[in-house]
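Where a number appears in this text, it was derived from the coordinates with a stated rule and is not lab data. Source: prediction; values computed, not measured. Here Cβ is always computed from backbone atoms with ideal geometry, including for glycine, and neighbour counts include all displayed protein chains.
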Amino acid sequence: MTLNIRVIAPDKTVWDTKAEEIILPSSTGQLGILKGHVPLLTALDIGVMRVRIDKEWQPIILLGGFAEVDNNNITILVNGAEETSNLSIDKAQHNLQEAIKAIEIAKTNKDKIEATRNLRKARARIQALNVLNN
């Protein structure tokens, strides 16, 4: 038996697939799920979800949300998601440098929060590209 995985963003279903294993970026760290996992509800952080399909890992960037695991069905509700097909390493590294600069010059709490969020997104993009290149 396999895992049934659905990733749902506010505007569309991003993924609907079967997989052997999934690693989620939970708010308390990386969370691995295999078939037969006990029921679970967890908050998700900005980060890379890795899914093993036919013995190959596929990454997708999640922008926070929640995941529910129940009877080998994983439903993931996210604020947003980015697939790696649109990413280039040069652009991702440029965005990372820009995010670091934005944190350094941020003055208000709002600016600092937004800059930190953008930094976490940029790091997740780099991590997702590294999963593809390994």
- Item | Footprinting exposure proxy for Arg125, Arg120 (fewest neighbouring C-beta atoms within 10 Å first) | Arg120, Arg125
- So what is the relative contact order for the chain, in percent, with contacts set as C-alpha pairs under 8 Å and at least six apart? 22
- Query: In what sequence do Asp11, Asp45 fall when counting other Cβ within 10 Å, fewest first?
  - Reply: Asp11, Asp45
- Query: Pairing the Cα long axis of helix 89-105 with the longest principal axis of the chain, what angle in degrees results, from 0 to 90 and rounded to the nearest 10?
  - Reply: 50
- Message: Here is the link list: Lys12/Lys110; Lys101/Lys121; Lys12/Lys107; Lys55/Lys91. Which ones come out longer than 26 Å on Cα distance?
- Response: Lys12/Lys110; Lys12/Lys107; Lys55/Lys91
- Query: Exposure proxy check: Ser26, Ser85 ranked by fewest other beta carbons within 10 Å?
  - Reply: Ser85, Ser26
- Message: Give the separation of the Cα centroids, the stretch 10-33 to the stretch 57-78, in Å.
- Response: 3
